[in-house]
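Undergrad: Right, I'll just put the structure down here and ask away after.
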Amino acid sequence: MPQELLHFIDGKFVPSEDGRMFDNINPATEEVIARVAEGGRREIDQAVQAARRAFRTWSRTPAQERAKILNRIAEIIESRVEELALLETQDTGKPLWLTKSLDIPRAAYNFRFFADFVKGLGTECFEMEGVALNYALRRPVGVAGLISPWNLPLFLLTWKVAPCLAAGNTCVIKPAELTPTTATKLAEICQEAGLPDGVLNLVHGFGPDAAGQFLVEHPDVNLISLTGETTTGKAVMAAAAPTLKRLSFELGGKNPNIIFADADLDDCIETTIRSSFINQGEVCLCGSRIYVERPLYETFVERFVERTRQLKVGDPLQPDTYVGALISQEHLERVEGFIRRAVEQGARILTGGRRPEGLERGYFLEPTIIVDVDHGCEIVRQEVFGPVVTIQPFDTEEEVIYHANDTHYGLAATIWTSNLKRAHRVAGELEAGVVWINTWFLRDLRTPFGGMKQSGIGREGGVHSFEFFTELKNVCVKL
Ligand code: NAD
C-alpha cells in the first residue's frame, strides 16, 4: 500500500479539498511508492494566508532565536540521514551512496550555515559630518514562494528555505511533482524542531496552470525563488509581473569543460567523469560540452571512453553503482531523442547511447559520449540534462572562448590547465556565473552562486542570499 503525502498548511498535514491525488513513481523500479495530494488555487491560498499570519511574529523573533530553531532542524536531519537518503533515492533513482554522502548532509549544512551567517549579518552606516547620520535596517520581505526542481530535491529546497527563514520571512514551498517525499519529511522535521505553525507551509502539485503558477500569481506572496528550467523561468517571470514580485532564478545550463593540452590528465579524467555523469548527468552544473586542445584530443578521448565504460549503471541501492535511473520515462525519452537526432545529423557515439542490457525495469541509460558534432548541432546547444556529453577539439584559446560563450546559457564553466596566467585570463573571459579551474563542484557557501544570461537572475550564497531575502531601509537622523 503506497504511503500518502499530504500538504502541510498552518502546522497540519491536510489533503486537497477536492481529494485529488497523483502517483509518485520510483524511477528505478517503476513502482508507485506514494499517492500525493494535488494542490490547486484553494490550497495555495490557505497556505499563503497561514504564512502571512505567521509573518507577524516570526519576522519579529530575534535572529538568535530563529537560528536556534534552524540548528535544531539541522540536528534532526543529521540524525535521520539513513532514512532520508533512502527516501531521496527511491524518489529520484540516484545512487544511495550519493544521497547519503551529499544530498542529505548538505541539506543539514544549509541550515547550519545560514543559522550562523544570520547572526553576524550587519548593515551600512554613513555619517554626513555635523549634519546627519544614516543607518540601514535590514528587514525580512514577507511571504516567499519557494519552487524547487527534482534533481537535488532536499539539497536545493533547503538552500532556499534556510536563508528565507533565517532572514525572518515565512514561506510556501512547492516541491517538484516528481520528487515530493523529502520535502514532506522536512515539514515534519521543522515542526519537531519547534518552528511555529504557518512559518513553513507546503503545497504539492504541478507547475503551469496549477499550484506552481497559482503561487507565483498570488497577490500576497512578495518574492519567488525558483530553481528549474529556463523556459519555466520565463513563464514565472511573466506570471509574476502583474504583482511585481521580487525574483531569484537558478535556471538551466550548457556548461563548457575546457581542457588544455598541459592539463594534469589523471586528475582531469577522474573529475570529468564526475562532472559528466554524476547524478546521471542531471546536475545543472554538469560540464556537458567538453572541448579538448588538439594535441591532447586523441589521448583524452581514448582514456575518457575507457574509464566511462567501467561505470556501473543500475540498482541505486548497490554501493558500486555510479549511474542510477533517470527521473522519468518521459525524461529518458527526451534524452534519447537528443541522441537519436545527433546521430541522424552525422554524430558518432563512442560509448553508451542505449538502455543497459539486463535491466528489465527502470529508466536507465548508459553514459554516452558523442563526437563529430558541429558547433551548431542541437546536442551542443541545448540542455540535455542526462548522462550525455559531446567532445570537440580546438586549436586556439580565442576559438575555445568563442565557442564556450556562444550560447544563451551562462551558468558554469571549467578550465583545465597548468598555465596559471592562461587559467586566470580565460576565467575572466568566460560568460559564466561560476568558473572552476582544475576542479569542479567545489563550493564555499559564502561565495556568490548563480547564472549569467538565460541561466538565472540574482545570486545565492552567503550575504547574496540575504540580499534577496531582506529589504534594506535607510533611517536618516538629523544631528
Ligand atoms: P522545471 O522547470 O520543470 O520545474 C521546476 C519547478 O518549477 C517544479 O517544482 C515545477 O513544478 C515548477 N514549475 C514548472 N512550471 C511552472 C510554472 N509555469 N509556474 C510555476 N512553477 C512551475 O525543472 P525540473 O525539470 O524540475 O529541473 C531541471 C531543470 O532545473 C534543469 O533545467 C536544470 O538545469 C535546472 N536546475 C538549475 C539549477 C541551478 O542552480 N541553476 C539547479 C538545479 C536544476
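The values are calculated or read from the model by the stated rules, or taken from the named source; none is laboratory data. Since the model is a prediction, treat every value here as computed from it, not as a measurement. Cβ placement follows ideal geometry from the backbone for every residue including glycine, while neighbour counts extend to all protein chains displayed. Keep in mind that these areas ignore ligands, DNA and RNA; they rest on the heavy atoms of the full protein, side chains included. Shrake-Rupley method; radii C 1.70, N 1.55, O 1.52, S 1.80 Å.
Undergrad: Quick check on the chain: helices-only [θ] at 222 nm, where DSSP H runs of length 4 and up contribute -39,500 (n - 2.57) each and the sum goes over total residues. Nearest 500, please.
TA: -12000 deg cm²/dmol
Undergrad: With no solvent and one point per C-alpha, what does the Debye sum give as log10 I(q)/I(0) for the stretch 1-107 at q = 0.12, 0.14 Å⁻¹?
TA: Here the Debye-derived log intensity ratios amount to -0.61, -0.81.
Undergrad: In nm², what is the average projected area of the convex hull enclosing the Cα atoms of the chain?
TA: Over all viewing directions, the chain projects a mean Cα-hull area of 24.3 nm².
Undergrad: Ranked highest first by average number of other Cβ atoms within 10 Å, how do 450-460, 257-267 line up?
TA: 450-460, 257-267
Undergrad: Take every Cα pair under 8 Å in the stretch 129-228 that's 6+ residues apart, average their separations, divide by the length, and report that relative contact order as a whole percent.
TA: It rounds to 37 percent for the stretch 129-228.
Undergrad: Same structure again: Rounding to the nearest 20 debye, state how big the charge dipole of the stretch 1-143 is about its Cα centre with +1 on each Lys and Arg Cβ and -1 on each Asp and Glu Cβ.
TA: So the magnitude is around 620 debye.
Undergrad: I've got another one for you. Restricting to bridges with both residues inside the chain, how much of the DSSP beta-bridge set is antiparallel, in percent to the nearest 5?
TA: The antiparallel proportion sits near 40 percent.
Undergrad: Got a sec? Charge dipole of the chain, +1 on Cβ for Lys and Arg, -1 for Asp and Glu; which of His403, Ala187, Gln49 is way out at the positive end?
TA: Gln49
Undergrad: Could you calculate the contour length gain from Arg303 to Arg443, that is, 0.36 nm times the residue separation minus the distance between their Cα atoms, to one decimal place in nm?
TA: Computed gain between Arg303 and Arg443 is 47.6 nm.
Undergrad: While we're looking at this one, here's another question. I'd like the distance between the alpha-carbon centres of the stretch 281-305 and the stretch 34-58, rounded to an integer number of Å.
TA: Their Cα centres are 45 Å away from one another.
Undergrad: Using alpha-carbon pairs under 8 Å, 6+ residues apart, how would you state the relative contact order of the stretch 286-419 in percent? Each step should come with its number before you reach the end.
TA: Working: 175 pairs, mean separation 39.2, N = 134.
For the stretch 286-419, the relative contact order is 29 percent.
Undergrad: How big is the dipole moment of the stretch 295-337 about its Cα centre under a simple scheme where the beta carbon of each Lys and Arg is +1, that of each Asp and Glu is -1, and everything else is neutral? Debye, nearest 20, please.
TA: Magnitude of the dipole: close to 140 debye.
Undergrad: Moving on. As I understand it, the dipole of the stretch 56-143 uses +1 on the Cβ of Lys and Arg and -1 on the Cβ of Asp and Glu, about the Cα centre. Which of Gly93, Gly122, Leu137 lies farthest toward its positive end?
TA: Leu137
Undergrad: Straight-line reach from Lys234: which lysines have Cα under 25 Å away, leaving out those fewer than 8 places along the same chain?
TA: Lys160, Lys174, Lys245, Lys254, Lys453
Undergrad: Enter the per residue convex hull volume of the stretch 81-145, computed from alpha-carbon coordinates, in Å³ rounded to the nearest integer.
TA: Normalising the Cα hull of the stretch 81-145 by residue number yields 129 Å³.
Undergrad: May I ask you to order 14-25, 404-415 by the average number of other C-beta atoms within 10 Å around their residues, highest value first?
TA: Put in order of decreasing packing, that is 404-415, 14-25.
Undergrad: Okay, next question. Any idea which of Phe113, Ala412, Asn222 is furthest toward the positive side of the dipole for the chain, if Lys and Arg beta-carbons carry +1 and Asp and Glu beta-carbons -1?
TA: Working it through, the farthest residue towards the positive pole turns out to be Asn222.
Undergrad: Accessible area per residue of the chain at 1.4 Å probe, in Å²?
TA: 41 Å²
Undergrad: Continuing with this model, one more query. With only alpha-carbon atoms counted, please give the Rg and Dmax of the stretch 164-214, in Å.
TA: Rg, Dmax (Cα atoms, Å): 11.7, 34.
Undergrad: With every protein chain in place, what's the accessible area of Arg425 (1.4 Å probe, Å², nearest 10)?
TA: Approximately 120 Å² of Arg425 is accessible to the 1.4 Å probe.
Undergrad: Another one. Contact order normalised by length for the stretch 175-311, with contacts defined as Cα pairs under 8 Å and 6 or more residues apart; what percent is it?
TA: On the way: 127 pairs, mean separation 23.9, N = 137.
Relative contact order of the stretch 175-311: 17 percent.
Undergrad: Same structure again: Using only the alpha-carbon atoms, what does the stretch 326-444 span along each of its principal axes? Please give whole angstrom values in decreasing order.
TA: Extents along the principal axes: 51, 36, 25 Å.
Undergrad: Then there is this: Given the stretch 125-248, what percent of its DSSP beta bridges are antiparallel, to the nearest 5?
TA: 20 percent
Undergrad: For the stretch 150-193 and the stretch 312-340, what is the separation of their C-alpha centers, rounded to whole Å?
TA: Using only Cα atoms, the two centres lie 25 Å from each other.
Undergrad: A further question follows. Dipole magnitude of the chain about its Cα centre, charges +1 at Lys/Arg Cβ and -1 at Asp/Glu Cβ only, in debye to the nearest 20?
TA: Charge dipole of the chain: 1520 debye, to the nearest 20.
Undergrad: Moving on to the next point. What GluC sites (Glu not before Pro) in the stretch 70-143 are in a loop by DSSP, with at most 10 other Cβ atoms within 10 Å of the Cβ?
TA: Those that pass, being in a loop and sparsely packed, are Glu124, Glu129.
Undergrad: While we're here: With axes computed from alpha carbons, what is the tilt in degrees of helix 181-192 against the longest principal axis of the chain, rounded to the nearest 10 within 0 to 90?
TA: Long axis of 181-192 versus the principal axis of the chain: about 30 degrees.
Undergrad: Could you check what % of the DSSP bridge pairs in the stretch 332-479 are antiparallel, to the nearest 5?
TA: 35 percent
Undergrad: In degrees, nearest 10, range 0 to 90: what is the angle between the Cα axis of helix 329-344 and the longest Cα principal axis of the chain?
TA: It works out to around 40 degrees.
Undergrad: May I ask you to give the percent of accessible area on the chain that is carbon plus sulfur, with a probe radius of 1.4 Å?
TA: Within the chain, the accessible surface is 51 percent carbon and sulfur.
Undergrad: Next question. Can you tell me the orientation of helix 104-119 relative to the chain, as the angle in degrees between its alpha-carbon axis and the longest Cα principal axis, to the nearest 10?
TA: Value to nearest ten degrees: 50.
Undergrad: May I pose another question? At what distance in nm do the modelled label points of Val475 and Thr61 sit from each other, each positioned 7 Å from its Cα along Cα→Cβ?
TA: Output for this residue pair reads 2.3 nm.
Undergrad: Just the Cα atoms of the stretch 192-333: what Rg and Dmax do they give in Å?
TA: Calculated on Cα positions, Rg and Dmax stand at 20.9, 62 Å.
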